[in-house]
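Here's the structure we're looking at; comments come further down.
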Amino acid sequence: MAIFKILVLLLSLSCFCQAQLSSTFYDQRCPNALSTIRSSIRTAISRERRMAASLIRLHFHDCFVNGCDASVMLVATPTMESERDALANFQSARGFEVIDQAKSAVERVCPGVVSCADIIAVAARDASEYVGGPRYAVKVGRRDSTAAFRAIADSGDLPNFTASLNELSDLFLRKGLNTRDLVALSGAHTLGQAQCVTFKQRLYDNSSDIDAGFSSTRKRRCPVEGGDTTLAPLDQVTPNSFDNNYYRNLMQKKGLLATDQVLFGTGASTDNIVSEYSRNTARFASDYAAAMIKMGDIQTLTGSAGQIRRICTAVN
């Protein structure tokens, strides 16, 4: 009997270790899962185009803090701090309600089957595609965490808007992402907006890495005093379309954030990648898709780890 129990334990451990993500994970478990999520996400973005950028960013901020486990969705409790309140997320991370709505829609179709972590990953893909980005096969099969990790979010696992290229590269390397992944994923800043507080210093410190005319235009809505929460498009030319104009901006010293502009003009290897993407839209789209899939693999919970939350904002 004891030997039998040991064999069962070893078998279960083997199954756990071999559990992995797959684009076909829900084909039998919940065939309509991905189409249900897609419909919900498209509805949300049709109402507010900016939401596409917010959902992509939400996936990034989830994965970089203890892995792609939907920990970013958890609301604070008396015994747990929320990642939503971390410096990099507070009053800037958006799209939580869109993920909640998609979860509710999926629960009506297949109760207790689809994780919030998977919904976030699929939503990021559907969001970029809706505004012109590439469609790629999202790997699914993640499970949700039973805790949030605000301390990790505040300790440097999310990039500061003043980070240097070396700091960005080191952070991405710790997550298993290389320099090309860094430049490709940064291309998501072809969409969305940033608060004045995140780029104000660049406008007024007479930096040589910002175009004078671009800086002057931004100053009109971003005064020295006040206006910190005023928004400006990360790409002033096509802010609502997923394209490669972001890289052209960098080559003209028109990157809005310091962490954007450090990718070009320093003589580093990223210069060549930025230049390549500015000329070759297809290569950027392909590399972006590959990097998103790669990012989605960071520290995932599979098998019997974690849980499938009934609602995304709270542990079961």
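The values are calculated or read from the model by the stated rules, or taken from the named source; none is laboratory data. The shown structure was predicted, so the numbers you read here are calculated from the model rather than taken from an experiment. Positions of Cβ are backbone-derived with ideal geometry, glycine not excepted, and every protein chain shown enters the neighbour counts. Ligands, DNA and RNA are stripped out before the accessible areas are found, and what is left, the full protein with its side chains, is counted by its heavy atoms. Shrake-Rupley method; radii C 1.70, N 1.55, O 1.52, S 1.80 Å.
Tabulated results
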quantity: Criterion violated by residue 66 - all others in (1) within 27 Å of residue 228 (Cβ to Cβ); (2) not aliphatic (A, V, I, L, M); (3) not in a helix (DSSP H, G or I) satisfied; calculated: (1)
quantity: Tally, over segment 220-240, of residues that are assigned to a loop (DSSP other than H, G, I, E, B) and open to solvent by less than 50 Å² (accessible area, probe 1.4 Å); calculated: 8
quantity: Meets criteria (more than 16 Å from the chain's Cα centre (by Cα), among the acidic types (Asp, Glu) and either assigned to a helix (DSSP H, G or I) or over 28 Å from residue 246 (Cα atoms) (or both)) for residue 129; calculated: no
quantity: Cβ-Cβ under 9 Å pairs, at least 6 apart or on other chains, segment 132-161 side without any contact (Cβ under 8 Å) to a residue 24 or more places away in the chain, far side surrounded by fewer than 16 Cβ atoms within 10 Å (Cβ to Cβ); calculated: 156/167
quantity: Some residue of segment 276-292 being assigned to a loop (DSSP other than H, G, I, E, B) and crowded, with 16+ Cβ neighbours inside 10 Å; calculated: no
quantity: Residue among 149, 199, 161 that is over 24 Å from residue 75 (Cβ atoms), of a type in the set (Phe, Trp, Tyr) and more than 16 Å from the chain's Cα centre (by Cα); calculated: 199
quantity: Any hit, segment 183-201, residues being open to solvent by 50 Å² or more (accessible area, probe 1.4 Å) and either in a loop (DSSP other than H, G, I, E, B) or more than 27 Å from residue 84 (Cβ to Cβ) (or both); calculated: no
quantity: Residue 88 being open to solvent by 10 Å² or more (accessible area, probe 1.4 Å) and modelled with pLDDT under 95; calculated: yes
quantity: Evaluation of residue 266 against (1) open to solvent by 70 Å² or more (accessible area, probe 1.4 Å); (2) under 19 Å from residue 162 (Cα atoms); (3) free of Cβ contacts under 8 Å to residues at least 24 places away in the same chain (one fails), failing number; calculated: (3)
quantity: Segment 259-308: number of residues that are closer than 17 Å to residue 187 by Cβ and modelled with pLDDT of 95 or more; calculated: 33
quantity: Residue within segment 169-191 that is under 26 Å from residue 283 (Cβ atoms), touching a helix residue (DSSP H, G or I) at 6+ places or on another chain (Cβ under 8 Å) and at pLDDT below 95 present; calculated: no
quantity: Close pairs (6 angstrom Cβ cut-off, 6 or more residues apart or separate chains): of a type in the set (D, E, K, R) in segment 187-202, crowded, with 19+ Cβ neighbours inside 10 Å anywhere; calculated: 200/222; 202/210; 202/258
quantity: Lone qualifier among 107, 97 - being charged (D, E, K, R), free of Cβ contacts under 8 Å to residues at least 60 places away in the same chain and either not assigned by the TED database to the domain that holds residue 49 or not in a loop (DSSP other than H, G, I, E, B) (or both); calculated: 97
quantity: Residue ID - farthest from residue 94 (Cα to Cα), chosen from residues in segment 202-215 that are in a helix (DSSP H, G or I) and open to solvent by 60 Å² or more (accessible area, probe 1.4 Å); calculated: 212
